[in-house]
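A quick write-up on the structure given underneath.
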Amino acid sequence: MKQISRRAPWSLSALALALELCMAPSALLAAEPVAPEEWLLEQVRIGEASHRDDLVRQSLYRLELMAPQNPQVLSARMRLALR
């Protein structure tokens, strides 16, 4: 009597998952690093554009701790005060 070999239906997806996990770190390393100040300034711009004062305040708080005399930080603080 011949024995029929059955493959588990998840074996292909498990292989795909394993390959994806192996390749994921290289994709994460390929991203360019962003300076924290630039990222926070971008968050300020996004908050201003979407009228989210909470996001602007949080980003400005962190920026003022890092670079209190930065002209972009000072101008963003003035824009928030004028709202």
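The values are calculated or read from the model by the stated rules, or taken from the named source; none is laboratory data. In this text the structure is predicted, and so the values were computed from the model without any measurement.
Scanning the range 57-75 for residues that are closer than 18 Å to Ala35 by Cα and part of a helix (DSSP H, G or I) yields a count of 12. Taken together, Ser50, Ser26 contain a single residue that is of a type in the set (S, T, N, Q) and modelled with pLDDT under 70, which is Ser26.
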